[in-house]
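First up is the structure itself, then whatever we jot down about it.
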Amino acid sequence: MICAISGEVPEEPVISKKSGLLFERRLIERHVEDYGKCPVTKEELTMNDILPVKTNKVVKPRPLQAASIPGLLGMFQNEWDALMLSNFALEQQLHTARQELSHALYQHDAACRVIARLKKERDEARMLLAQAERQIPLPTASAANVNTVANGKRGSNYIEIISIFKSILNSYVNVMPYSYAAAEDEFGPDGKKIRPGINPVMIAELTECNAALSGQRKKRQIPPTLAPVDALERYTQISSHPLHKTNKPGILSVDIHPSKDIIATGGIDTNAVLFDRSSGQILSTLTGHSKKITSVKFVPRDELLITGSGDKTVRVWQASEDGNYSSIHILKDHTAEVQAVTVHATNKYFVTASMDNTWCFYDLATGSCLTQVGEASGEEGYTSAAFHPDGLILGTGTSEALVRIWDVKSQSNVAKFDGHIGPVTAVSFSENGYFLATAALDGVKLWDLRKLRNFRSFAPYDSNTPTNSVEFDFSGSYLAISGSDIRVYQVANVKLEWNLIKTFPDLSGTGKVTSVKFGADAKYMAVGSMDRNLRIFGLPGDDSEEAKSPNN
């Protein structure tokens, strides 16, 4: 009898009590030690189930081929040929598997592109349909009058247009791949939407970006073009620009394009405004949200802007050749007010945080929510969020005064910082990669990410005045905070004091500065308050801002 593993006559045979199979003792002992299962039947197996077989020790006769050197060479040649044939068969199977995998990946990529295009066309068709329906008089009496105008053809033409739009929209929905249409409405046993998740390819991309940025961070130096401390001490308001409506005043969010002198503001009037600081002109006013815009963020790649709103939606806007912006994605994954938007360092992904106690990780190209983290509840919500400069850590602030640090790859909560009072209104990571600043009702706290501890706190205002914004400049040299005024500090280390450079008064008269952002090299600051004006602080006469301001 032969061994069930090696196919040869065993020197020390044993038999399995469960399967009755014969094995070489040394082979089965190693397999049971590694796997704990029978190599043939895959049943659970221990050495207690193995019985030795007593046999006569008979010397095995040597085969005739091994009796001479030519015979041995022939045996070696046969084994070599068998090995080469087996290797050739394996290579063929590997080549076939590679071709099938490449074809499947190509089909998947093509399907994703088609789905993205169809979603965009479907949203455009829905928008056109909504615009056409708004143009039709709703009261039946007026509708009857419209039907009598122009020989009774005007109302019928409107109805015909609506029917055409609806047929177009239905055709887009019907053309959608079945798998995608099912995925849109697919829910798990817990009633939550099933998300595709962050796949290994994306994780590898995030890890590679993190390694590159963290390596550069160790070598980076403060740029010589950075505005010095004495220049910041002389900053004053050099312009004020009325960008938003007077009936609903208030700028809640400000962002500055990293490579252009363009400022975006989000207001209570439901509009986002893009403003060219160098020319002093409004470039575009983005309308579409139905409630206040709580967060605006530039994405330099493809000239994109992301807005989050109190209407529970997030919109991605893309610039056209004529300078106007159009909405290419309308995201409706949250069930409560969206409070924060933050963009990943790759400029391919972004995160939104909402008062529904969840944050979503999005693919910017397709506008799809890859994962939604958190349990929706009415007790707690996310009020702020920011990516670490290297991209593998996400910081979020909650309405319950808690700061959470997340590992983006695993979407797990790796640290919690408590000690604030009131909702955490803003979080900002320093470009040195070590410091985190958080703002709340009780002021600003600075955290050392290396030791996970609070090493300094600022309480600039009274107990009834929250700190609304906190922001490091890009070099990590200055920190600005805002509440009833704006204060700029010089960044030091954990042990040294952070000197207050200057305090700027709130010139809006509202006593509520909601946002502050440093321009390139801290050469100026953009400030939003609870009035309709965007204010620019810098050196008097800088870039002739005083001449460009409509209020000067």
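The values are calculated or read from the model by the stated rules, or taken from the named source; none is laboratory data. Remember, it's a predicted structure, so these values are computed and weren't measured experimentally. Note that we place each Cβ from the backbone using ideal geometry, even for glycine, and neighbour counts take in every protein chain shown. Areas reflect the complete protein model, heavy atoms only, side chains present, ligands, DNA and RNA absent. Shrake-Rupley method; radii C 1.70, N 1.55, O 1.52, S 1.80 Å.
Asp363: buried (at least 19 other Cβ atoms within 10 Å of the Cβ) and among the acidic types (Asp, Glu), yes or no? Spelling it out, it is not the case that Asp363 is buried (at least 19 other Cβ atoms within 10 Å of the Cβ) and among the acidic types (Asp, Glu).
Sort through Lys517, Lys451, Lys495 and tell me the only one that's part of a strand (DSSP E or B) and open to solvent by 10 Å² or more (accessible area, probe 1.4 Å). Going through Lys517, Lys451, Lys495 in turn, the sole match is Lys517.
When the stretch 326-345 is filtered for residues that are touching a residue at least 24 places away in the same chain (Cβ under 8 Å), open to solvent by 30 Å² or more (accessible area, probe 1.4 Å) and polar (S, T, N, Q), the ones remaining, listed by number, are Ser327, Thr335, Gln339.
The condition (being under 30 Å from Pro228 (Cβ atoms) and open to solvent by 20 Å² or more (accessible area, probe 1.4 Å)) is satisfied by just one residue among Phe474, Phe435: Phe474.
On the given criteria, is Ser320 over 17 Å from the mean Cα position of the chain (by Cα) and either crowded, with 17+ Cβ neighbours inside 10 Å or among the acidic types (Asp, Glu) (or both)?
No.
For first residues located in the stretch 20-46 and open to solvent by 30 Å² or more (accessible area, probe 1.4 Å), partners that are among the aromatic types (Phe, Trp, Tyr) and part of a loop (DSSP other than H, G, I, E, B) and lie 6+ apart or on another chain with Cβ distances below 6 Å do not occur.
Sub-7 Å Cβ pairs linking a first residue in the stretch 80-102 that is on the phi < 0 side of the Ramachandran plot to a second residue that is aromatic (Phe, Trp, Tyr) and open to solvent by less than 100 Å² (accessible area, probe 1.4 Å), at least 6 apart or interchain, number zero. Counting only strands (runs of 3 or more DSSP E) that fall entirely inside the stretch 294-405 and contain at least 3 residues that are closer than 30 Å to Ala111 by Cβ, the qualifying elements are 304-309, 314-319, 325-331, 338-343, 349-354, 359-363, 368-373.
Of the residues making up the stretch 32-53, not a single one is of a type in the set (Phe, Trp, Tyr) and under 30 Å from Val201 (Cα atoms). Restricting attention to the stretch 247-283, and to residues there that are more than 24 Å from Ala386 (Cβ to Cβ) and among the hydrophobic types (A, V, I, L, M, F, W, C), which single residue is surrounded by the most Cβ atoms within 10 Å (Cβ to Cβ)? Going through the qualifying residues, I end up with Leu283.
Annotation: of all residues in the stretch 2-21 being modelled with pLDDT of 90 or more and hydrophobic (A, V, I, L, M, F, W, C), the one that is nearest to Asn56 (Cα to Cα) is Val14.
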